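For reference, the structure is listed below as structure tokens.
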Amino acid sequence: QVQLVESGGGLVQAGESLRLSCAASGSIFSINAMGWYRQAPGKQRELVAAVTIGGTTNYADSVEGRFTISRDNAKNTVYLQMISLTPEDTAVYYCNARLRRHWSDYFNDYWGQGTQVTVSS
């Protein structure tokens, strides 16, 4: 089994900051990339930020310059530092890991249960 456990969500006011964490555990051979997605009510899930094992990052245009993704490969953990939050950032944030459970497996996507981020104006 593989588990992705997220933490750090909550309710903040516009302009404030939050830091999300996600730790992957279980039967994992290797992780290729980890990232964060979000889904607001009535909208599709969208990529927020992702980071590969080599450290290459990718951000949605809407968060570029405000959010920073980082990763601790030794701990199979990914972080999302969010600053200057706006009400438009309100959503459920999901952690994603693209990993293999065995050396012969293909990479598959695994998801956390989601953590709510609410930004009040």
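The values are calculated or read from the model by the stated rules, or taken from the named source; none is laboratory data. The structure displayed is predicted, hence computed values, not measured ones. In this analysis, Cβ positions are derived from the backbone assuming ideal geometry, glycine residues included, and neighbour counts consider all displayed protein chains. SASA here: full protein model, heavy atoms, side chains in, ligands and nucleic acids out. Shrake-Rupley method; radii C 1.70, N 1.55, O 1.52, S 1.80 Å.
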> Which order do 111, 103 take when ranked by solvent-accessible area (1.4 Å probe, heavy atoms of all protein chains), largest first?
Replying inline: 103, 111
> For the chain, with every protein chain kept in place, what is the accessible area per residue (1.4 Å probe, Å²)?
Replying inline: 54
>> For residue 7, project a label point 7 Å along Cα to C-beta. Then give me every residue of region 36-57 with its amide nitrogen under 19 Å of that point.
In response: 36
>> List the residues, sorted by chain then number, that are 5 or more residues from residue 90 or on another chain and whose placed amide H is less than 5 Å from its amide H.
In response: 119
> Assuming R0 = 41 Å, what is the FRET efficiency of residue 100 and residue 16, from their Cβ-Cβ distance, to the nearest 0.05?
Replying inline: 0.60
>> Percent of Cα-Cα pairs more than 16 Å apart in the chain, please.
In response: 58
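Taking 0.36 nm per residue of sequence separation and subtracting the Cα-Cα distance, how much length would be gained by fully extending the chain between residue 70 and residue 118, in nm to one decimal?
15.1 nm
Expressed as a rounded percentage, what relative contact order does the chain have, with Cα pairs under 8 Å and six or more residues apart?
So the answer I get is 36 percent.
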> With every protein chain in place, what's the accessible area of residue 56 (1.4 Å probe, Å², nearest 10)?
Replying inline: 90
> Which whole-Hz ³J(HN,Hα) couplings does region 20-29 yield from phi under the Karplus relation 6.51 cos²θ - 1.76 cosθ + 1.60, θ = phi - 60°, glycine and proline marked x?
Replying inline: 9, 10, 8, 10, 9, 8, x, 7, 10, 8
>> What is the percent carbon and sulfur in the accessible area of region 5-115, measuring with a 1.4 Å probe over the protein chains and ignoring ligands?
In response: 49
